[in-house]
Amino acid sequence: MHTLSIELEEDEYSLIGIYSTEEDYRLAYLINKHLNTKFTRYKLALDFENSTAEFPLFEYKDENSFINYYLINNKHKSFVKNQQNAGLFGGNYSTISYLIPEQKKIDFFLKIEGDLDSELTLKLLEELNKITQIITAYSIEPTTIKSKNHLIF
């Protein structure tokens, strides 16, 4: 008797954290311009049950190397109008939700899926850090993130 055993691997991907004050569409444009990519806005935003927060997603699929890139905003700002308790400041306020709450300082994540090597990630980091509108970009080990399930889509 033969037994076939199949082990399912977790999706392997690289993750880059990006600090930038640019809007998401502008950052996608700048990355396209400097890295010769073709990020486009994905038709749906990432959203979660029991939350009104939506996180815009830009994707670029490199058909030649079979690598998919996803640029994801880590922050969602929502404005709340509170008419009942106007108070001293008018009652309006904003709240910020985070895709990855334990990484609140990161503005964007660049998720890279496919047949990866560390040299590609290092070259990509080097090129990202040359873009003047990016304050800094650095590699993040996905296994260290508690909310890594938010990056599965």
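In this structure, does Ile106 turn out to be modelled with pLDDT of 95 or more and touching a strand residue (DSSP E or B) at 6+ places or on another chain (Cβ under 6 Å)? Write out each step before concluding.
Numbers: modelled with pLDDT of 95 or more: no; touching a strand residue (DSSP E or B) at 6+ places or on another chain (Cβ under 6 Å): yes.
Answer is no for this residue.
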Cross-chain or 6+ apart pairs with Cβ under 7 Å, segment 24-41 first and surrounded by 20 or more Cβ atoms within 10 Å (Cβ to Cβ), then aromatic (Phe, Trp, Tyr) and in a loop (DSSP other than H, G, I, E, B)
Ala28/Phe39; Ile31/Phe39
Of the numbered conditions (1) open to solvent by less than 30 Å² (accessible area, probe 1.4 Å); (2) in a loop (DSSP other than H, G, I, E, B); (3) of a type in the set (S, T, N, Q), Thr121 satisfies every one except a single condition; which is it?
(2)
If I filter segment 124-146 down to residues being closer than 24 Å to Asn36 by Cα and of a type in the set (D, E, K, R), which single residue comes out as most open to solvent (accessible area, probe 1.4 Å)?
Lys130
Filtered residue count, segment 49-83, keeping only those that are in contact with a Lys or Arg (Cβ under 6 Å, 6 or more places away or on another chain) and either at pLDDT below 90 or hydrophobic (A, V, I, L, M, F, W, C) (or both)
1
Selected residue (criterion: least open to solvent (accessible area, probe 1.4 Å)) from residues of segment 56-67 that are closer than 15 Å to Asp117 by Cβ and part of a strand (DSSP E or B):
Ile67
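Could you check, for segment 110-117, whether at least one of its residues is modelled with pLDDT under 85 and surrounded by 10 or more Cβ atoms within 10 Å (Cβ to Cβ)? Walk me through how you get there before you give the answer.
Restricting attention to segment 110-117, the residues satisfying the condition of being modelled with pLDDT under 85 are 115-117.
Cutting the leftovers down to surrounded by 10 or more Cβ atoms within 10 Å (Cβ to Cβ) gives us 116.
Yes, that holds for at least one residue.
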As an exercise: evaluate Lys148 against (1) touching a helix residue (DSSP H, G or I) at 6+ places or on another chain (Cβ under 8 Å); (2) more than 23 Å from Glu23 (Cα to Cα); (3) modelled with pLDDT of 80 or more and give the number of the one condition it does not meet.
(3)
Which numbered condition Gly90 fails, given (1) at pLDDT below 90; (2) surrounded by 13 or more Cβ atoms within 10 Å (Cβ to Cβ):
(2)
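The values are calculated or read from the model by the stated rules, or taken from the named source; none is laboratory data. This is a predicted model, so every value here is computed, not measured. In this analysis, Cβ positions are derived from the backbone assuming ideal geometry, glycine residues included, and neighbour counts consider all displayed protein chains. Remember, those area values only see protein heavy atoms, side chains included, never the ligands or the DNA or RNA. Shrake-Rupley method; radii C 1.70, N 1.55, O 1.52, S 1.80 Å.
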